[in-house]
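Q: Got a structure here, written out as structure tokens. Questions coming.
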Amino acid sequence: MEKVDLYRLARERMVETQIKARGIKDERVLKAMLKVPRHLFVDEALRDQAYGDFPLPIGEGQTISQPYIVALMTEALELKGNERVLEIGTGSGYQTAILAELALWVYTIERFPTLLERAKKVLKELGYKNISFKLDDGTLGWKEAAPFDAIIVTAASPDIPPPLVEQLAEGGRMVIPIGDEFSQTLIKGVKKGGKLHTKALEPVRFVKLVGAYGFKE
Ligand code: SAH
């Protein structure tokens, strides 16, 4: 069998056993996870592990999130297709691709130039045209492009960065792992009456969000 078909099969198995089995129901999210070739977002040597139930290293001490966590966070954003989404922590660009499948436009910020350039290249080769990239401290948000209908932070933060709450539209959704550097709780917030109303989703473990409103270097 062709390698491409094997990756397709691996994706189908991933969606069934890791994602649907754990309760993710949003059909659009499931469809996007079936479509995006996750193996292209990791180093060639790691491709055969790309659909495993775990995160993988992507360089600079960072990781591509476990597939289930990507699905869980994406579902929580409740994307219908017409949203402008802000993503903090581009990393491999895999989560970015999932968002680009499901929203109108994705604004993504990464602090490592090497990771940003590689993600940009892969996403361009895959044909995505609805993504804006920025090399910056994402804890400050992206003021010129605000407000956003949804904000996703894919690195762990001690608190919710205030600029991100400001830049979230009324009715907008935010997902962010909050805690210390060893363990966090995935938080979902909805902005109502100018305030973020939060609830806890699941215990998670992410790499650190490093910046003005995150952890210090
Ligand atoms: N969604 C990515 C996750 C990458 S890990 C993926 O699945 O591949 C988290 C990323 O957040 C890392 O690439 C890290 O460099 C980045 N990051 C950490 N602090 C940041 C900040 N203040 N601004 C932007 N990116 C940040």
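Q: Looking only at region 123-137, filter to residues that are over 17 Å from TRP105 (Cα atoms) and outside any loop (DSSP other than H, G, I, E, B); which one of those is farthest from the ligand (Cβ to nearest atom)?
A: The qualifying residue farthest from the ligand (Cβ to nearest atom) is GLU125.
Q: Could you give every pair whose Cβ atoms fall below 7 Å, whose first residue belongs to region 23-40 and is free of Cβ contacts under 8 Å to residues at least 60 places away in the same chain, and whose second residue is small (Gly, Ala, Ser) and not in a helix (DSSP H, G or I), counting only separations of at least 6 or pairs across chains?
A: Once the first residue is free of Cβ contacts under 8 Å to residues at least 60 places away in the same chain and sits in region 23-40, its partners that are small (Gly, Ala, Ser) and not in a helix (DSSP H, G or I) give ARG38/ALA50; HIS39/ALA50.
Q: Going residue by residue through region 210-217, is there one that turns out to be acidic (Asp, Glu) and away from the ligand (no atom under 16 Å from the Cβ)? Walk me through how you get there before you give the answer.
A: As a first pass, look at region 210-217 and keep what is acidic (Asp, Glu): 217.
With away from the ligand (no atom under 16 Å from the Cβ) added as a condition, the list becomes none.
The answer is no; no qualifying residue exists.
Q: Further question on the same structure: Determine, yes or no, whether THR154 is in contact (Cβ under 8 Å) with a residue 60 or more places away in the chain, in contact with an Asp or Glu (Cβ under 8 Å, 6 or more places away or on another chain) and either among the charged types (D, E, K, R) or closer than 22 Å to PHE54 by Cα (or both).
A: Taking the combined requirement at face value, the residue satisfies it.
Q: Here's another thing I want to ask about it. Kindly indicate whether any position in region 63-82 is farther than 22 Å from LEU196 by Cα, near the ligand (Cβ under 8 Å from one of its atoms) and in contact (Cβ under 8 Å) with a residue 40 or more places away in the chain.
A: yes
Q: Hey, among GLU12, GLU44, GLU27, GLU75, which residue is of a type in the set (D, E, K, R) and either under 15 Å from the mean Cα position of the chain (by Cα) or modelled with pLDDT under 95 (or both)?
A: GLU75
Q: Mind telling me which of the residues GLU170, GLU217 ends up being surrounded by fewer than 22 Cβ atoms within 10 Å (Cβ to Cβ), in contact with a strand residue (DSSP E or B) (Cβ under 7 Å, 6 or more places away or on another chain) and in a loop (DSSP other than H, G, I, E, B)? Outline the logic, then answer.
A: Working: GLU170 fails: in a loop (DSSP other than H, G, I, E, B).
Just one listed residue meets the conditions, GLU217.
Q: Here's something else I'd like to know. Scan LEU201, LEU102, LEU135 and give me the residue that is buried (at least 20 other Cβ atoms within 10 Å of the Cβ) and within 17 Å of the chain's Cα centre (by Cα). If you could, list the steps in order and put the result at the bottom.
A: Values: LEU201 fails: buried (at least 20 other Cβ atoms within 10 Å of the Cβ); LEU135 fails: buried (at least 20 other Cβ atoms within 10 Å of the Cβ).
Going through LEU201, LEU102, LEU135 in turn, the sole match is LEU102.
Q: Still on this structure, I have one more. Of VAL165, VAL175, VAL122, VAL106, which residue is touching a residue at least 24 places away in the same chain (Cβ under 8 Å), in contact with a Ser or Thr (Cβ under 7 Å, 6 or more places away or on another chain) and among the hydrophobic types (A, V, I, L, M, F, W, C)?
A: Numbers: VAL165 fails: in contact with a Ser or Thr (Cβ under 7 Å, 6 or more places away or on another chain); VAL175 fails: in contact with a Ser or Thr (Cβ under 7 Å, 6 or more places away or on another chain); VAL122 fails: in contact with a Ser or Thr (Cβ under 7 Å, 6 or more places away or on another chain).
It is VAL106.
Q: Tell me the residue from ILE69, ILE151, ILE160 that is assigned to a strand (DSSP E or B), crowded, with 17+ Cβ neighbours inside 10 Å and among the β-branched types (Val, Ile, Thr), please.
A: Details: ILE69 fails: assigned to a strand (DSSP E or B); ILE160 fails: assigned to a strand (DSSP E or B).
Just a single option satisfies the conditions, and that option is ILE151.
The values are calculated or read from the model by the stated rules, or taken from the named source; none is laboratory data. As the structure is a computational prediction, the values presented were derived from the model and not from experiment. Positions of Cβ are generated from backbone atoms using ideal geometry, with glycine treated the same way; all protein chains shown enter the neighbour counts.
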